[in-house]
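The values are calculated or read from the model by the stated rules, or taken from the named source; none is laboratory data. Because the structure is predicted, anything quoted here is derived from the model rather than measured. Reconstructed Cβ throughout: ideal geometry from the backbone, glycine too, with neighbour counts over all protein chains shown.
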Amino acid sequence: MPAERLQKIIAAAGVASRRKAEDLIASGRVLVNGQVVTELGTKADPEQDHIRVDGKLLQGPERYTYVVLNKPKGYVTTVSDEKKRPTVMDLVRRVKGRVYPVGRLDWASEGLLLMTNDGALANALMKAASNVAKTYVVKVAGQPDEVKLDKLRRGVSIAEKGGRRVRTAPAKIRLLREGDNPWLEVTIIEGRNRQVRKMFEEVGHHVEKIRRVQYGPLALDVPPGDYRNLTLLEVAKLKTAASGVKVASPPSATAPLGAPRLLRSSKPLRSAGPSHSARRSSKSSAPKRRYD
């Protein structure tokens with residue numbers, strides 16, 4: 001491949017930003033084919049030349065992986081767990097490259113979890129300023145009346161770790177299925193720890209089940225315990241959403257819950273178009289909503 005500036009090669013390898021890479025070069029910490037290089041305009045071929053930073057050989061540009069997982073109940077959203085409980089990492093062992101969860105779903109929660117090794121995107125998505133919408137299907141104990149639901153829609157005060165109380169941003173709530181323990185759809189733009197559970201506790205209702213069915217432009221479309229790689233178009237939409245720009249929501253966040261089981265695969269999709277199974281399902285009637 002054509003020769004490129006050293007600082008660009010170092011930044012692409014995930015070692016440091018371009019500006020920091022320039023400092024590394026200027027301070028004599030970069031070697032090309034065994035020779036110290038201090039001139040910022042120096043170019044190299046990352047496929048042909050041996051480039052070392054602080055003695056460590058560069059392995060080439062970091063390849064980003066983006067995975068959407070349907071987290072089942074009983075898994076913690078951490079890389080490792082001191083209590084030896086199953087973690088979401090156990091479900092993505094076949095993914096090429098080491099991915100990390102973006103945000104959290106607690107042990108008893110289910111549903112859509114984004115995982116990636118793109119740290120910049122993960123940080124942007126988790127920033128409060130991005131206002132990326134997250135939609136949950138929630139089963140609550142008892143029947144909250146409209147007064148309570150309106151209170152949740154406007155925002156309520158909940159306790160965070162350490163006892164500090166914060167007010168939640170306005171939420172969207174609609175009834176999905178009536179009953180003694182009804183199902184509700186809840187959309188929030190924050191990601192506070194156990195936020196939806198705490199919101200309903202504040203108005204006197206315990207959350208019995210909770211499943212995240214939508215994260216920004218992504219809708220849950222794989223069975224529990226399965227995952228798939230994102231398409232190029234989905235990654236682009238996520239980056240747009242992370243920048244604070246509103247993107248179109250999927251047609252239905254809850255319909256895919258009853259979708260047929262998909263094969264687990266760690267191979268990335270090659271195009272941004274719909275998958276074979278998606279094209280096939282579009283010709284048939286939409287799956288019925290399922291709450292269990």
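Of the residues making up the stretch 77-106, those that are of a type in the set (A, V, I, L, M, F, W, C) and surrounded by fewer than 14 Cβ atoms within 10 Å (Cβ to Cβ) number 1.
From the residues in the stretch 108-123 that are touching a helix residue (DSSP H, G or I) at 6+ places or on another chain (Cβ under 7 Å) and buried (at least 20 other Cβ atoms within 10 Å of the Cβ), which one is farthest from residue 65 (Cα to Cα)? Show your work before the answer.
Initial filter on the stretch 108-123 (touching a helix residue (DSSP H, G or I) at 6+ places or on another chain (Cβ under 7 Å)): 113, 115-116, 121.
From the residues that got through so far, the ones that are buried (at least 20 other Cβ atoms within 10 Å of the Cβ) too are 113, 115-116.
Working: 113: 14, 115: 8, 116: 5 Å.
Taking the candidates together, the pick is 113.
Among the residues here, residue 251 does not qualify as assigned to a loop (DSSP other than H, G, I, E, B), modelled with pLDDT of 80 or more and not β-branched (Val, Ile, Thr). Residues considered: 28, 74. Of these, the only one that is under 30 Å from residue 192 (Cβ atoms) and surrounded by fewer than 15 Cβ atoms within 10 Å (Cβ to Cβ) is 74. You will find that of 97, 111, 119, the residue that is touching a residue at least 40 places away in the same chain (Cβ under 8 Å), within 18 Å of the chain's Cα centre (by Cα) and outside the structural domain of residue 9 (by TED's automatic domain parsing) is 111 and no other. For residue 66, the requirement of being surrounded by 14 or more Cβ atoms within 10 Å (Cβ to Cβ), of a type in the set (Phe, Trp, Tyr) and out of contact with any Leu (no Cβ under 6 Å at 6 or more places or on another chain) is not met.
Number of residues in the stretch 155-189 that are among the charged types (D, E, K, R) and either in contact with a Pro (Cβ under 6 Å, 6 or more places away or on another chain) or surrounded by 14 or more Cβ atoms within 10 Å (Cβ to Cβ) (or both) equals 1. Cβ-Cβ distance below 8 Å, separation of 6 or more or different chains: which pairs start in the stretch 184-205 with a residue that is more than 19 Å from residue 77 (Cα to Cα) and in contact (Cβ under 8 Å) with a residue 40 or more places away in the chain and end on one that is β-branched (Val, Ile, Thr) and part of a helix (DSSP H, G or I)? From residues that are more than 19 Å from residue 77 (Cα to Cα) and in contact (Cβ under 8 Å) with a residue 40 or more places away in the chain, the pairs are 186/196; 188/196.
Quick grid of which residues meet (1) modelled with pLDDT under 95; (2) of a type outside the set (S, T, N, Q); (3) under 30 Å from residue 103 (Cβ atoms):
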| site | (1), (2), (3) |
| --- | --- |
| 14 | yes, yes, yes |
| 34 | yes, yes, no |
| 42 | yes, no, no |
| 45 | yes, yes, no |
| 50 | yes, yes, no |
| 62 | yes, yes, yes |
